[in-house]
Structures are given as structure tokens and as C-alpha cells.
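The values are calculated or read from the model by the stated rules, or taken from the named source; none is laboratory data. In this text the structure is predicted, and so the values were computed from the model without any measurement. No Cβ is skipped: glycine too gets one built from the backbone with ideal geometry, and neighbour counts run over all protein chains shown. The accessibility values were calculated without ligands, DNA or RNA, using every heavy atom of the protein model including side chains. Shrake-Rupley method; radii C 1.70, N 1.55, O 1.52, S 1.80 Å.
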Amino acid sequence: HARVHACIKIAMALEKKATHATDRSALLAGWLAAAASIPLTQAAKEVPVTPNNGNILNGVIGDIVESVEDLLDQSTIAGQISPLLKKMVPSAEELKAIWNGVKQVVSLSDLVFLFTVSFFLIPLLEIPYEQMYRNISSGNRNINNEIEIKARGLSPTQRKAFRKTTAYHVVNLLSQMAKLALVVYVVDMIKIFIVGLGFHVPRNERITHAFSYVIYTLWAGYQLSAFKRRVICSQVGSSKGRVQVVDRLGDAGIYGCTLFLIMDILNVELGLALQSVLALGSIGTLVFSFASQGIAKQLLHGILLMASDRIYEGDMILLGKSKFSGRVANLGWIETVIRGSDEIMVTIPNSDLLSERVSNLSRLHQCQVKQTLKFGKADTEKLPQLLQDIKTEIRRRCPAVITDGSRPFRATWTDFVGGNAEVVIDAHFRISPAGDLYWDNRQRCLQAIDEAIRSNGLVQI
């Protein structure tokens, strides 16, 4: 198969030079050399050569060599497996050259230092710290220890774990940086080994620099996100939902800046520009724009919903149009999952939540119980006493009822409907309108109304 391709290349090269009929001998010699896998000079002896063909053969030799080399370079698999396997098994001279290159780059003292900081620095500081507190608790202290304790502001009765101190967090950051440095060290040695085997590494002189910049940038972004989370927890308050929303918005900003910084590093170090990744052509760009428009819109609505401070995960909400109520199980960037009272998960796009009238029941601290009762016309004389008894019974059974005038607390005969007297009871309580406490209070309120009706000998219609 390789000979056929070589013959085609050789024929093309010879036909450019063999312009006269007398030059056909050179063409035949080239075909014979490729087909029989013999040197061209030997093949020329088998073909009658005229004096005019000598210069042609000398010029064709270089063309044949270049054509065969181009053919081998352009092949995907043909002729590539055997050289690759030979490179994977280095000779003694190659191993020696690789070892010399590693020795020139790697310093044993550097490795010992990085390995110590990575894996032994924290235990070396934690053990004396724990031992010092152990001596304090046992009471075996001398004057020098007491002076040292007072100077450091330590209390013998209050023990703070080493891993919760500021010193531990600083040492832990140093340890992580040293571990990343060890990873970069290993990548440097792997690059030397690959180059020593004869493999081509693109941008050999800058690839490890780019790798180190990228992993340290990712590490810095992660650490900044963790620090941001601690600051939010200390400043925002104990509201878990609000902390989660602010934390997600902060992560979006941090990771977005980290991504653009990494792309800038790759552009500077390796020449990988962002434009080359996004250059899809006019038709591709148009298709991508239409496909991503809906996702970008939902993502924007998710950011607006989180920033609006309307709902958090765990909140009990009531949707205005559908009258659907449930607890927010997951507040995502694109959609929100709500768990109903029947444990069915309902997924709602964030764009619908922004346009929907949403009542957050978890943020309300008062609730209402309102009932409409009907009695016969013959019982109207007993209604004034009934209304007083209802209010008295509600006060007795429901201590959370609001009676200071800031909210209505009424038991009133309001109207005649079809010849019957209509009574409305309206009571408000200092209880959130969601959860078991609300339903228990509502039940006690209804029991109070029923007890007052039975004690007055009345029957509802």
C-alpha cells in the first residue's frame, strides 16, 4: 500500500521533468525503484539511459526523497505506529540524557522543603499546641508557663482547638501552596521525560508556566470563595436562605472573573485566544445565539430573583393565580423546585416566578382565622351573649390572639341572609401562617367557637 502511494508521488515528480520522449527511461527507472523497493541508481541500470537523462535522474532523486517524506508526514496512522513504539522504549543514551536534564532542573533541597511544608508543617505545630493545653489542664504549670500563657492571652479554662485558630488557617494556606508547587515540579519532570523521548511538545518553554498560573489562579478563586462565605455568614446574619443567595451571587462573580483571568493567561502564555474558541462563522454564531437566548434569559431571571430577596430555600410560599402553596426545595439559576403538601415536586421557571404574585408565608409573623356562621331568626335574641362567649373562649384557648387593637378581633352579627342571621368571627394571632403551630392554633380557635355555640344551646344552619 505504501509503495503504491510512493509510486504516485514519484510519477508526479518525474512527469514534471520528463518532457521529451527520450526522458521516459528516467520515468521507468523511478517506477521500478518504487515498485521493487530498490535504490534509484540500481533501477536506472536496468533501464536504457540516454545521455540526456543523466541530469534528469540527478534532479529527480531529491524530488523522490521529498515526496516520500511528505507522504509519511501527512499520514495519520500509516507508518506512525512503529516509530511511536520505538520512542516509548528509550535507549541507554536517551535515558542518560533525560537523567542529566532532570538533575539540572530538580533540586533535592527544594523537594525536601516543599514536601515538609506540604505534609508535616501542620502536625509539627499542632502537637506542641495540644501538649501545651494538656499541661495547662493538668495543673502542672510553672511560673514561666504562666507568664507565657498571660502574654499570649490564653485561658487555662477555655481550650480552643488548633484547627479553629487563625494560625492553623495561615499554615493550611502555606501547605496547600506547597502541594501545588509539588504538582508543578512533577509536571516539569514529565515534560523533560517526554521531550527526551523525542516527542514534540508545542510551546515547550511556556507550557509549564501556563499550567502553574492556571492551577494557582483556580486555587486562589476557590480560597476567595471560601473566605467570602465566612464573611457573609458573619455579616448577613443567621438567615440560611439569605446567606445562600448572597453566597451564590458572590460565587458567580468570583468564578466569572477567574474564568476570564485564565483565558487571558492562556492567551499570553500559549497564544490561545478566546476569539478562536468562539469563532464559529456567521451561520454558526447565529444558530448559537438563538439556542442560547432562552438559557441566558432564564439565567438572568434567576439572578434577578435571587437579588430581589423575595424567596429563599426553605420558605413557604403561595402563588397568587394558581393558589398553589408549597415549600421552596431548591432555588436554582434557571428554575425553582417547590415541594407541595402532598410531597409532589413542582418545577417552575424563574421567569414565571418573577411575573407571578408570590406571597412568602414564612416571613409573616401574624395569621388570621375568619369564620362565617348562620343561625335561625328565632335565635337572634341569644346572639349578643353568644358573641361575647366566643371572644372569651378564644382568649382562653388561644393565648397568641391579638387584643391590643393593632389587629381586628371581632365577633359580629353582620347581616340577614335569606331570613337567617349571619355572624362573622375575625381573629388574628401572633403566629406565622405556615407550619404545625399555625394549624394547632387554628384548631383551638375552632374548638373555642364550637364550645361557645353549644354552651348557649344554639345550632348552626
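Data overview
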item: Average accessible area per residue (Å²) across the stretch 310-388 - probe 1.4 Å, nucleic acids and ligands excluded; result: 56
item: Calculated FRET efficiency for the pair MET263/VAL184, C-beta based, R₀ 25 Å, to 0.05; result: 0.80
item: Accessible surface of CYS233 - all protein chains present, 1.4 Å probe, nearest 10 Å²; result: 70
item: Solvent-accessible area per residue, Å², over the stretch 82-137 with all protein chains present [probe radius 1.4 Å]; result: 73
item: For peptides 105-116, 375-386, sequence by mean Cβ density within 10 Å, most packed first; result: 375-386, 105-116
item: Percent carbon-and-sulfur accessible area, the stretch 312-365, ignoring ligands, DNA and RNA, probe 1.4 Å; result: 54
item: Estimated inter-spin distance, VAL417 and ARG339, nm [label 7 Å along Cα→Cβ]; result: 3.8
item: Restraint check, LYS228/LYS321; LYS321/LYS374; LYS86/LYS191; LYS164/LYS191; LYS191/LYS228, Cα-Cα greater than 28 Å; result: LYS228/LYS321; LYS321/LYS374; LYS164/LYS191; LYS191/LYS228
item: Relative frequency of Cα-Cα separations exceeding 19 Å in the stretch 295-445, percent; result: 63
item: Percent carbon-and-sulfur accessible area, the stretch 174-213, ignoring ligands, DNA and RNA, probe 1.4 Å; result: 72
item: FRET efficiency estimate (nearest 0.05) - Cβ-Cβ, ARG396 to ARG357, R0 41 angstrom; result: 0.65
item: Listed peptides 430-443, 121-134 by packing density, highest first (mean Cβ within 10 Å); result: 430-443, 121-134
